[in-house]
């Protein structure tokens, strides 16, 4: 018997531009599935800033807008305040959310904006050539840390989820992974929770996704998934943080 896989209405059927083994395509589909299942497609507005996922609007078949690098949560705040009836979420990488956009991230969270954030942590700058990101692990080699990240010179990996969790206005933070089918399903449930919190008016919610970047980790796709599970998740433990 031939198995028939349904295609989410909110996901356009086009060829991907992402590298082989990249996690962005998986998360794009999870978001599309959740939006369809929740019946909020006509209310959703996504905000994608600069980064590997800057072309997210090519894949999602619902309203999207682009923001300058690091400014996604500032743009999302403006949209949500003008159109509180809409479900507004940002889709941001670690270089965007945790580096150039740290200010916008912290203050939107501290204000308790009723927004949902999907934070892709692949521990490297992907779009610009594999430089060190705030989440790069100690000892991890990148284009700007060819001998491995050294805490003495580059500091420690930034645990943005734990940092935000101490803010009283933040209502929900969970860290998930894409390293196995079981973890992908957990990621989907977390994304749904973050969007449902906004529907219910609960407040600021963020889902951090540990996602593979085989190209700039210099690994095969399989090795990248193993590395998330065996190395990365020890630095960034999975589970609900708040």
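Secondary structure note: in the chain, about 10% of the DSSP beta bridges are antiparallel. Among 97, 206, 185, the largest mean-square fluctuation in a Gaussian network model of the chain, built with springs joining Cα atoms closer than 10 Å, belongs to 185. Spin-label pair residue 16-residue 220: with each label point 7 Å from Cα along the Cα-Cβ axis, the two points sit 1.8 nm from one another. Highest GNM mean-square fluctuation among 187, 169, 143, for the chain modelled with Cα contacts below 10 Å: 143. Rounded to 0.05, the FRET efficiency of the residue 180 and residue 9 pair, given R0 = 35 Å and the Cβ-Cβ distance, is 0.85. Round to a whole angstrom and tell me the spacing of the C-alpha centers of segment 106-147 and segment 183-242. Taking the Cα centre of each part, segment 106-147 and segment 183-242 sit 13 Å apart.
With contributions of -39500 (n - 2.57) from each DSSP H run of at least four residues, the per-residue ellipticity at 222 nm computed over the chain stands at -9000 deg cm²/dmol. Hey, if you drop one equal point scatterer on each alpha-carbon of segment 67-141 and run the Debye formula without solvent, what base-10 log of I(q)/I(0) do you get at q = 0.14, 0.21, 0.22, 0.24 Å⁻¹? Reported log10 I(q)/I(0), two decimals: -0.46, -0.86, -0.92, -1.04.
Over the residues of segment 117-212, compute the C-alpha Rg and express it relative to 2.2 N^0.38 Å.
On the way: Rg = 15.3 Å, N = 96, 2.2 N^0.38 = 12.5 Å.
Computed over Cα atoms of segment 117-212, the ratio equals 1.23.
How much length, in nm to one decimal, is gained on full extension between residue 83 and residue 127, taken as 0.36 nm per residue of separation minus their Cα-Cα distance? Each step should come with its number before you reach the end.
On the way: separation 44, 0.36 × 44 = 15.84 nm, distance 3.13 nm.
Here the segment from residue 83 to residue 127 would lengthen by 12.7 nm.
Relative contact order of segment 33-133: 27 percent, from C-alpha pairs under 8 Å at least 6 residues apart in sequence. For the chain, modelled as a GNM with alpha-carbon contacts under 10 angstrom, which of 140, 85, 198 fluctuates the most? So, out of 140, 85, 198, the one fluctuating most is 85.
Rg and Dmax over the alpha-carbon atoms of segment 1-138 stand at 15.4, 54 Å. The length gained by stretching the chain between residue 143 and residue 165 to full extension, at 0.36 nm per residue less their Cα-Cα distance, is 4.8 nm.
Compute the Rg/Rh shape ratio of segment 12-85: radius of gyration over Kirkwood radius, all on alpha-carbon atoms.
Details: Rg = 12.8 Å, Rh = 13.2 Å.
Using Cα coordinates only, the ratio equals 0.97.
Each Cα pair under 8 Å and six or more residues apart adds its sequence gap; the mean of these over the residue count of segment 123-223 is a relative contact order of 22 percent. Dividing the Cα radius of gyration of segment 24-240 by 2.2 N^0.38 Å, with N the residue count, gives 0.95.
Taken together, the values in this text are just the output of simple stated rules run on the coordinates, not laboratory data. The model shown is predicted, which means the values in this text are computed figures rather than measured ones. Please note: Cβ atoms are built from the backbone with ideal geometry, for glycine as well, and neighbour counts cover all protein chains shown.
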